[in-house]
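Data block below; observations after.
Just so it is clear, none of the values below were taken in a lab; they were calculated from the coordinates. Quantities reported herein were computed from a predicted structural model and do not represent experimental measurements. Backbone-built Cβ (ideal geometry, glycine too); neighbour counts: all protein chains shown.
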Amino acid sequence: MNDLNREYIYLDGMWLKEGQLLKLAENAGSLAVAEHYLCAYLANAVMNGRREALLEVNEVREHYGAKPIPLGGDDLKDDEELNGRHRTTAAEEKARAVFQGLTHEERVDVLRRSMRRLLSEYHLFVYARHWLAIFMVVKDRLVGESLNQTRFLSLADDIAPDDLPEKLRMCKNTMKNFSREIVASDRGEVYYKMKHNPQQQLCDTFWSIIQETILTEI
């Protein structure tokens, strides 16, 4: 449970992933509101000895034109390992391992439950093209290259809630538009290493929901 406490932060009655807190801060509209999320993020980082969290906070502060918090040394900024956002955490590794050990029916159940929560708790999945984020998360985080777009078309039908509006359902035409969403320089990259992922917030949120579903309900 200690590993999970490092990965999730309890705020406003919800367990949130670090990336979610940063996105909420960035989209808050003002630094005054953003600091509500940044303070919670920093408090968690302090408790877990993560000095590099200042880099993430300063990026959000820069977004609002605010001065950065002093880092206390140039070594932190130049340290590739500390500054790397693409480290696989203990929770992510555990979630992937558990998912890969499930039967097909159990995997579908996890993804269906995660989709249901995404749709009910977050106003992010509002167009059919947002299936691209679901596809990228499942492929890049859980399944790998074995999941192609043709197979995903069938999977999307299985994990879509029964009451999902028809305009939000996945179809062949939706799939054909996937490539238009990704700039040429990012094609072939996993979604969390893309420089211009148009659905980054949706990807991060869905992945956080999947992890929480696996690690707390399976």
* Structure fact -> Restricting to lysines and to Cα separations under 30 Å from residue 17, and discarding same-chain partners fewer than 8 apart, the set is 67, 77, 94, 139, 167, 193, 195
* To do: Set the Förster distance to 45 Å, then compute FRET efficiency between residue 67 and residue 164 from the Cβ-Cβ distance, nearest 0.05.
  => 0.50
* Asked: Nearest 10 degrees, 0 to 90: what angle lies between the long axis of helix 104-121 and the longest principal axis of the chain (Cα atoms)?
  -> 60 degrees
* Asked: So what's the angle, to the nearest 10 degrees on a 0 to 90 scale, between helix 53-63 and the longest Cα principal axis of the chain?
  -> 80 degrees
* Roughly speaking, what is the stretch gain from residue 177 to residue 47, that is 0.36 nm per residue apart minus the C-alpha to C-alpha distance, in nm to one decimal? -> 42.4 nm
* Asked: Magnitude of the Cβ-charge dipole of the range 90-217, K/R +1 and D/E -1, about the Cα centre, nearest 20 debye?
  -> 480 debye
* Asked: Between residue 39 and residue 94, what length in nm is gained on full extension when 0.36 nm per residue of separation is reduced by their alpha carbon distance?
  -> 17.0 nm
* Which whole-number percentage describes the relative contact order of the chain, with Cα contacts under 8 Å and a sequence gap of 6 or more? -> 21 percent
* Residue of 134, 159, 69 that the Gaussian network model of the chain assigns the largest fluctuation, springs spanning Cα pairs under 10 Å -> 69
* Compute the length gained on full extension between residue 146 and residue 121: take 0.36 nm times their separation in residues and subtract their Cα-Cα distance, giving the result in nm to one decimal. => 6.0 nm
* Asked: How big is the charge dipole of the chain about its Cα centre, in debye rounded to the nearest 20, if each Lys and Arg gets +1 on its Cβ and each Asp and Glu gets -1 on its Cβ?
  -> 660 debye
* Structure fact -> One finds the C-alpha centres of the range 21-40 and the range 113-141 to be spaced, in Å, by 23 Å
* State the answer as a single residue: which of 31, 104, 209 lies farthest towards the positive end of the charge dipole of the chain, with beta carbon charges of +1 for Lys and Arg and -1 for Asp and Glu, about the Cα centre. => 104
